[in-house]
Every structure is written in C-alpha cells, then in structure tokens.
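Undergrad: Let me give you the structure first, and then I'll get to my questions.
Computed from the coordinates by the stated procedures, all read-outs in this text should not be read as laboratory data. Remember, predicted model here, so these are calculated numbers, not experimental data. All Cβ positions, glycine included, derive from the backbone under ideal geometry; neighbour counts span all protein chains shown.
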Amino acid sequence: MRGAAFQGAFDVRLRTDLPEPEITGPRDAVVRVTRTAICGTDLHAYRGELPGFGAGTVLGHEFVGTVVAAGAEVPYQLGQRVVASDVVACGRCPACARGWHYQCPEVTLFGYSTVVGKSLDGGQAEYVRVPYADVVLWACPDGVTDEQALFSSDVLSTGYAAACHANITAGETVAVVGGGTVGLLAGMCARLVGAAAVVVADPVPARRAAAAACGLVPASPHELAEIVTDVSAGRGAGSVIEAVGSDATLRLAMATAAARGTVVAVGAHHSNAAPLDAAAAFARELTLRFVVGDPIVVRDDVLALIRAGRIDPTVVISHRLPLTEVARAYELFERREATKVVLIPDDVD
Ligand SMILES: [Zn+2]
Ligand SMILES: [Zn+2]
C-alpha cells in the first residue's frame, strides 16, 4: 500500500511497498483512510528535531476513513465511517477512567515513533491499524463530512480544549499567540464560548490574512499589545492562548495577559529551561495552564458544533493534495506556504 514514510530530516517519501496492516487483537481495527492531514506537530519530526525518531515511520495522526477489519471487541461495523483520536490510550486504567488519556501508561501518538509512547504507524497512508479501537475511534455523525470530521482528530478538539480551559468570560477580549491551525481554531472556539473579540498574533502575513478570514482580528507580534488595548477599550486580554510552543511565544503570551488573566499554553512545549518572568506573573496574579488536548473527551462536543453549523473547521484548509504528492505537501507546509494540507489517499493521478 501507499504511505508517507519519514526517512530522515527534510526527507518524507511516498512508499508504495508498505505491507497492508492487519488486526492483531480483539480491540484492533483497520481503517481505510479517506482523508488525512499534516499537522504542525509532524514538522518537528520532519525537521529532524526529535532525536531517535525512527526512519521508516509512517507519519500522521489526523485521519478519517471507513472500518475494513475489526476485532471482536470493536463496536463498529465494516464500512462504518470513523474518525480517530490522535491520542491513543487504553480506556481502562485509572487515568483513562478520569478522562486523562494523555496520562495513560499506554499513551502514544500515531505516526510519531517513540516520542510519546510505543511506535505506531500513522494515518498518512491508505490503511492504518488502530489499537484500542473501541476507545480511539468514534463514529462520524450523519451531516458531518469526512473532511470536517478529520478536524476532530486533533486540531479542532485541541483548539476547543484550549478555549474551554482559558476562563473566558462573556464579552471579553481574548488574545491568541500563533496563527497556525490550532491558533485559528482556538480563536474561533473562543468566540463560541463568549469572547467578544479575538486578536491573533502571527509574524506571517498569510496567516494574519487567514485569521481575518476566520472573523478574528489579525496582529503582528510587536503590535499585539496595542491592538488588544484598542479592541478591548483598555481592559486588556483576560485570556491568552499560546499556540506555538516556544519559550518566546510563552513569554509574549504571559506579557499580554491582563491582571488576574489566564494563559493557556496549548503549543507543544519541548523546552525544560523556559525563562519565566515570575515577578510579573506574581504581581499580576496570572494563572498559567498547559493543555495538550484530548479528542477522546471533546470530540462529541466539537462534532455537534460542526453538525449544528456553529463552526466549519474546513475554512483553515489551504491545500488539498493526493497522497502521492506528500513530499511536496511537507515542503509547502515547512515553508509556511500552506496553512493546512489535507491529503487524499484514493485521489490517484
Ligand atoms: Zn495534529
Ligand atoms: Zn489508560
């Protein structure tokens, strides 16, 4: 079968000789992928920033498709449309029982080598094996397209979780640092949970244009404070969502929050020595909260929002390409020419 394999830094290749996955236990399913996407998280692997990331790993943790094989404990029929959670968890341990799937001892991500847990081939492929499919998969509701449902696998669920944990009060101004897909969707979700206005800071003009197209107020990072002051009539941003994952953006987010504000860091942070202006955070009595995102917990809510027409995450898609063009897709995404790339495995040219 075809699939996108990581071969080394800046080297993702279409493989055509991959073995078709098979179920290995009663909780496994195999999904034929109809839509998959490249995520900012994948770029850390692509750039070679993750030491030990296994050559040959089939990439991708965002996918939707139909069930083509299912073990005895999987509650989905063959042919059922399903979407996977990017986070894989057992569903049966004490952490999972509390809905804390990222703290499950079995946690891993599809297509991410051994960075989070055990290596598991990903969904940028024609077929993918899904372990714990009774927990990891979710039925796509009628009235939600595959392309829309794809966003519940990670970026919309993650953006929604960030907005829900940001202590947003009705009518306030929210700032988002980072206009990538999670930042844009978090901003749209912040509006849904009551923000009167959302200012999105990003240095890339195309991303600022994308923010404006999503009904958000664009700003370059250096003008963020001034625009937040204007938009909020001097009250400032009571909630700030940091959606990049760097030390610099975390500092900007904390500097932007109004007194007694909440900062949610939803960008994937890898630094263990991030400088923190503790004096300022103490004086302004800030709350800092980290959110990984948990599609297993929120996907039902976000799919309901899509179905009700309250949000359409497909507005952030910049490119739809056949899976056979995956190498070019990564290049476009790496160069920031693409905001969100959706890959179509059965679109064979
Ligand atoms: Zn993702
Ligand atoms: Zn568990």
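Undergrad: Could you give the length gained on full extension between residue 287 and residue 220, defined as 0.36 nm per residue of separation minus the Cα-Cα distance, in nm?
TA: Stretched out fully, the residue 287 to residue 220 stretch lengthens by 21.7 nm.
Undergrad: By counting other Cβ atoms within 10 Å of each Cβ, how are 184, 250 ranked from fewest to most?
TA: Neighbour counts put them in this order, fewest first: 250, 184.
Undergrad: Give me the Kirkwood hydrodynamic radius of the stretch 1-152 in Å, from all C-alpha pairs, to one decimal place?
TA: Details: mean 1/r = 0.0648 Å⁻¹.
Hydrodynamic radius (Kirkwood, Cα only) of the stretch 1-152 equals 15.4 Å.
Undergrad: Once you have the alpha carbon radius of gyration of the stretch 293-349, what is it after dividing by 2.2 N^0.38 Å, with N set to its residue count?
TA: Expressed relative to 2.2 N^0.38 Å, the Cα Rg reads 1.39.
Undergrad: Across the stretch 41-52, in residue order, what do the Karplus-derived ³J(HN,Hα) couplings come to in whole Hz, using 6.51 cos²θ - 1.76 cosθ + 1.60 with θ = phi - 60° and x for Gly and Pro?
TA: Values, residue by residue: 4, 5, 5, 4, 5, 4, 7, x, 7, 10, x, x Hz.
Undergrad: Moving on. Over all alpha-carbon pairs in the stretch 223-349, figure out the percentage whose distance exceeds 27 Å.
TA: The share of Cα pairs beyond 27 Å in the stretch 223-349 comes to 41 percent.
Undergrad: If you don't mind, another one. If a paramagnetic tag sat 7 Å from the Cα of residue 167 along the Cα-Cβ line, which residues of the stretch 272-289 would have the backbone N under 20 Å from that point?
TA: Answer for this model: 276-289.
Undergrad: Over the stretch 166-290, what lengths in whole Å, largest first, do the semi-axes of the equivalent ellipsoid take, defined as the square roots of 5 times the eigenvalues of the alpha-carbon gyration tensor?
TA: Values: eigenvalues 79, 57, 32 Å².
That gives 20, 17, 13 Å for the three semi-axes.
Undergrad: Hey, what's the Cα Rg ratio for the chain versus the globular rule of thumb, 2.2 N^0.38 Å?
TA: Numbers: Rg = 19.7 Å, N = 349, 2.2 N^0.38 = 20.4 Å.
This ratio for the chain stands at 0.97.
Undergrad: Can you sort 110, 333 from fewest to most other Cβ atoms within 10 Å of each residue's own Cβ?
TA: Ascending number of Cβ neighbours within 10 Å: 333, 110.
Undergrad: Let me ask something additional. Return the loop-located chymotrypsin sites (Phe, Trp or Tyr not before Pro) in the stretch 6-56 (DSSP other than H, G, I, E, B) with at most 15 other Cβ atoms within 10 Å of their own Cβ; answer none if there are none.
TA: Details: sites: 6, 10, 46, 53; in loops: 10, 53.
Those that pass, being in a loop and sparsely packed, are 10.
Undergrad: Once you put a point 7 Å from the Cα of residue 47 and another 7 Å from the Cα of residue 277, both along the Cβ direction, what distance in nm separates them?
TA: Distance between the two pseudo-spin positions: 2.4 nm.
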